[in-house]
Amino acid sequence: MSVRILEDSPNAHINKTILDRYLNLPLDDDIVQATYVWIDGTGEDVRCKDRTLDFIPTKPSELPIWNYDGSSTYQAHGSNSDTYLHPVALYKDPFRRGNHILVMCDTYKFDGTPTDTNHRKGCLEVVNKCLDEEPWFGIEQEYTFLDFDAHPLGWPKNGFPGPQGPYYCGVGANKVYARDVVDAHYKACLYAGIKISGTNAEVMPAQWEFQIGPCLGISIGDDLWMARFLLHRIAEEFGIVATLDPKPVPGDWNGAGAHTNVSTKAMRDDGGIKDIENAVAKLAKVHERHIRAYDPKQGQDNARRLTGKHETSSINDFSAGVANRGCSIRIPRGVNDEGKGYFEDRRPSSNCDPYSVVEAILRTICLDE
């Protein structure tokens with residue numbers, strides 16, 4: 001199906017074919033356009049800006065540290081606004097192609113300390129302590145498409161669509177909206193080198209999901225943040241908004257999460273179900289700490305979603321079960337039957353910082369902190 005033109009969105013009216021004339025202009029092989037991407041002071045949104053390189057980098061450390069106006073991204077005061085971008089991961093650029101790149105960056109203050117929303121630094125320190133455990137992560141990123149007026153895409157302007165039921169993994173113009181954007185995003189992630197493993201339409205109409213992983217350690221955070229950047233950037237071209245709000249529509253509608261699948265080497269080995277059960281027992285003791293780490297507002301956003309309804313557990317209670325999507329921790333039926341594999345933490349919100357989630361989980365199940 002084609003995405004309908006949204007009259008209120010300026011981007012939807014721009015003739016995109018004109019851009020091809022300029023993107024196809026030849027450049028010298030050693031000229032590289034690099035898009036630096038970073039997390040702003042909200043802890044949820046990404047920003048970007050471009051620079052020209054005169055060489056083809058092969059690793060992040062070869063790229064220059066750059067700065068930006070942190071007072072315009074909620075990360076500094078105007079009287080001392082320079083904030084610094086440290087490249088940490090490189091990806092192929094699906095928009096410009098060729099040798100051009102996307103650069104995931106950490107953010108630092110003028111004195112060399114991390115900004116308040118730079119959770120990657122602490123996460124990496126914890127990951128490095130757990131490398132012998134070979135921690136794998138997979139994150140199921142749910143999100144919702146909105147019209148330019150912040151109304152869910154395809155929903156009646158004065159009312160609601162039919163009850164949930166036919167939309168999950170649905171097919172048909174009356175069941176799913178904006179598959180064009182989803183397919184464009186999927187292909188762009190694969191081109192960029194992001195470890196995206198799949199997509200599907202979700203339970204609420206206009207809601208979708210993509211999965212990142214399995215990834216070893218810190219790379220789950222890098223890949224998920226860059227996948228989020230691509231989602232927003234591609235939706236921008238269609239004149240559509242992609243929101244990570246964990247409860248975009250109040251009432252009897254599913255919220256959006258970032259279910260996190262976790263596995264260590266011991267869990268993947270024969271008899272690993274015992275290690276999974278031990279990890280779950282550790283998580284049960286620090287439920288409140290994890291809730292604070294699982295959304296940018298330390299539980300306030302998740303409180304709207306984790307109600308005990310719509311395939312969620314209550315934010316106030318810890319629970320675990322086999323094949324139970326109403327629990328905090330779900331052990332898949334196949335894992336339980338095989339006696340090894342992984343567990344799924346269903347508590348992280350759709351707008352979580354994956355670095356914070358990974359750090360919290362590893363501190364609990366591997367470092368016993």
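The values are calculated or read from the model by the stated rules, or taken from the named source; none is laboratory data. This structure is a prediction, so every number in the text was calculated from the model and none was measured. Note that each Cβ is placed from the backbone with ideal geometry, even for glycine, and that neighbours are counted across all protein chains shown. Note: accessible area is taken over every heavy atom of the protein model, side chains too, but ligands, DNA and RNA are not part of it. Shrake-Rupley method; radii C 1.70, N 1.55, O 1.52, S 1.80 Å.
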**OP:** Work through the residues other than Trp225 whose Cβ is under 10 Å from its Cβ and net out their charges, Lys, Arg +1 and Asp, Glu -1.
**Re:** -1
**OP:** Tabulate in residue order the Karplus-calculated ³J(HN,Hα) for segment 356-362, using 6.51 cos²θ - 1.76 cosθ + 1.60 with θ = phi - 60°, rounded to whole Hz; enter x for Gly and Pro.
**Re:** 5, 5, 4, 4, 4, 5, 5
**OP:** Anything over 28 Å Cα to Cα? Flag those among Lys129/Lys340; Lys49/Lys157; Lys92/Lys247, in the order listed.
**Re:** Lys49/Lys157; Lys92/Lys247
Original post:
In whole percent, what relative contact order does segment 127-367 give with Cα contacts below 8 Å and a gap of six or more residues?
Top reply: 23
Subject >> trypsin sites (Lys or Arg not before Pro) within segment 135-220: DSSP coil, no more than 12 neighbouring Cβ in 10 Å >> reply: Lys157
Subject >> 37 °C / 0.692 mPa s Stokes-Einstein diffusion coefficient of segment 145-276, Kirkwood radius on C-alpha pairs, µm²/s >> reply: 201
Subject >> Residues in segment 93-107 reached by a label modelled at Lys187 [backbone nitrogen below 16 Å; 7 Å Cα→Cβ] >> reply: 93-98
Original post:
Which entries of Lys121/Lys297; Lys59/Lys121; Lys195/Lys274; Lys59/Lys265; Lys59/Lys195 show an alpha-carbon separation above 23 angstrom in the structure shown?
Top reply: Lys195/Lys274; Lys59/Lys265
Subject >> Per residue value of the accessible surface for segment 127-367 (all protein chains in place, 1.4 Å probe), Å² >> reply: 39
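Tally Lys/Arg at +1 and Asp/Glu at -1 over every other residue whose Cβ is under 9 Å from the Cβ of Gln141; what's the total? Please list the in-between numbers first.
Working: positive: Arg228; negative: Glu140, Glu142, Glu209.
So the surrounding residues net to -2.
Round to a whole number: what % of the accessible area of the chain belongs to carbon and sulfur, probe 1.4 Å?
Numbers: 8290 of 16790 Å².
Looking at the chain in its full context, I get 49 percent from C and S.
Kirkwood hydrodynamic radius (Cα pairs, Å) of segment 99-183?
Evaluated on segment 99-183, it is 18.0 Å.
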**OP:** Find which of Ala360, Ser314, Val241 sits farthest along the positive direction of the dipole of segment 127-367, computed with +1 on the beta-carbon of Lys and Arg, -1 on that of Asp and Glu, about the Cα centre.
**Re:** Ser314
Subject >> Neighbour net charge for Thr73 - beta-carbon separation under 13 angstrom, K R +1, D E -1 >> reply: -3
